[in-house]
Structures are given as structure tokens and as C-alpha cells.
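First up is the structure itself, then whatever we jot down about it.
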């Protein structure tokens with residue numbers, strides 16, 4: 001798996017766990033884009049697979065305002081406090097995401 005795919009899989013898992021998001025193809029495409037945007041914004045990050053997974057989880061949890069995420073990790077999780085703070089600020093800046101299409105499908109509206 002590519003680094004972005006590792007992050008995206010964890011992002012989907014966090015979204016499903018925390019918010020019961022339906023992780024259909026449309027949402028998985030969104031996750032790949034969201035994680036790819038973060039990957040490009042931070043120049044490849046250079047994290048191992050475990051940290052990439054944590055990053056995917058934390059991107060979802062932070063951007064959705066769940067009270068945990070990047071800011072809640074030890075400084076060394078993402079290399080140092082500065083990296084953690086930059087990731088936290090990035091996630092807050094991109095803001096919350098709501099998957100209305102998947103929610104409509106679940107209710108039978110589409």
C-alpha cells in the first residue's frame with residue numbers, strides 16, 4: 001500500500017468508528033483525496049506505517065472536532081511538537097466534513 005492509502009484506510013476506519021460514516025467508494029475516494037492533500041502539504045512526512053495510520057485517524061478526529069486527535073498525542077508521535085501542532089492546525093483549517101450522499105443512500109433518499 002502507498003503511504004496515502006495507508007492513511008486513507010485509517011481515516012475511513014476512524015470515520016466509521018466515530019461517526020458511523022458509510023465507507024462506500026465515494027467516501028473512500030474522499031479519504032484518498034483528503035490524505036493525499038495532507039501528504040502533499042507536508043512534503044511526504046517520512047513516517048513509518050504505524051504513524052501513517054495514526055495520522056489518518058487523527059486527521060478525521062481532529063477535523064471533526066472529536067476532542068482528540070493530533071493535539072492529544074505525545075510530541076514525539078509526529079517527530080516533535082512543531083510537527084504535531086502544524087498537523088493539528090492543518091486539520092482544523094480544512095474543517096469538518098459531512099458525507100451527505102452516503103447518509104442519503106442509507107435513508108433511501110437516493
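Just to verify a result, which residue in the range 24-52, among those that are more than 21 Å from residue 77 (Cα to Cα) and without any contact (Cβ under 8 Å) to a residue 60 or more places away in the chain, is nearest to the chain's Cα centre (by Cα)? Per the criteria, the residue is 31. Residues in the range 2-21 that are more than 10 Å from the chain's Cα centre (by Cα) and closer than 13 Å to residue 97 by Cβ: 18, 19, 21.
Given the condition assigned to a helix (DSSP H, G or I) and at pLDDT below 90, answer yes or no: does some residue in the range 77-100 qualify?
Yes, some residue in the range 77-100 is assigned to a helix (DSSP H, G or I) and at pLDDT below 90.
The values are calculated or read from the model by the stated rules, or taken from the named source; none is laboratory data. Note that the coordinates shown come from a computational prediction; the quantities given were computed from them, not determined experimentally. As a convention, Cβ positions derive from the backbone with ideal geometry for all residues, glycine included, and neighbour counts pool all protein chains shown.
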